[in-house]
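Only one structure is covered here, and it is reproduced in the block below.
The values are calculated or read from the model by the stated rules, or taken from the named source; none is laboratory data. For clarity, every value in this text was computed on a predicted model and none was experimentally measured. Methodologically, a virtual Cβ is constructed for each residue, glycine included, from the backbone with ideal geometry; neighbour enumeration extends over all protein chains shown. What goes into the accessible areas is simple: the full protein's heavy atoms, side chains included, and nothing from ligands, DNA or RNA. Shrake-Rupley method; radii C 1.70, N 1.55, O 1.52, S 1.80 Å.
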Amino acid sequence: QVQLVESGGGLVQPGGSLRLSCAASGSSFTIYAMGWYRQAPGKQRELVAGVQSDGSTKYADGVKGRFAMSRDGAKNTGYLQMNSLKPEDTAVYFCNAQAITDSPYPLDIWGQGTQVTVAS
């Protein structure tokens, strides 16, 4: 019914930049919340950035000033701009969205994940 497709991951050197994309597709849905998560080997999945109920965006302490979320509503696509990348940013990044459909309850949707590797 609703699917998230991610792209933009890859290998970059420290100090470089990447922009991750998360495109939503389907029919009869409205996304009302979204966020980006990441999971490194041996570590728990953590919230990187997410839109809060008041419309503000919350960023994890370790990425403040370096990462930024944005959205192209016409394309149903969200973005995570990542600048000044560090080796500790290496992880699989996932986008997540909660969507309203014709189902009784909202859907919690995850993308497939995209690998980001920061190394020289």
Built amide H within the under 5 Å cut-off of Thr90, gap 5+
Val118
Take Val5, project a point 7 Å from its Cα along the Cβ direction, then tell me which residues of region 19-35 have their backbone nitrogen under 14 Å from it.
21-27
Among Gln81, Gln98, Ser120, whose Cα lies farthest out toward the positive end of the dipole of the chain, if unit charges sit on the beta carbon of Lys, Arg (+1) and Asp, Glu (-1)?
Ser120
Size of the dipole of the chain about the Cα centre, Lys and Arg at +1 and Asp and Glu at -1 on the beta carbon, nothing else charged, in debye to 20?
280
When you take every Cα atom in the chain, what is the radius of gyration, and what is Dmax, the widest Cα pair distance, in Å?
14.3, 49
In the neighbourhood of Gly62 defined by beta carbon distances under 11 Å, the net charge of the other residues (Lys, Arg +1; Asp, Glu -1) is 0
What order do Asp54, Asp72, Asp108 take when sorted by accessible area (1.4 Å probe), most exposed first?
Asp54, Asp108, Asp72
With a 1.4 Å probe and every protein chain kept in, tell me what percent of the accessible surface of the chain is carbon plus sulfur.
48
For region 14-120, dividing by residue count, accessible area per residue (probe 1.4 Å) in Å² works out to 55
Treating cross-link reach as a plain straight distance, find the lysines whose alpha-carbon is under 27 Å from the alpha-carbon of Lys86, omitting any fewer than eight places away in the same chain.
Lys43, Lys58, Lys64
Toward the positive end of the charge dipole of the chain, about the Cα centre and with charges on Cβ (Lys, Arg +1; Asp, Glu -1), which of Ala68, Gly111, Ile31 goes farthest?
Ala68
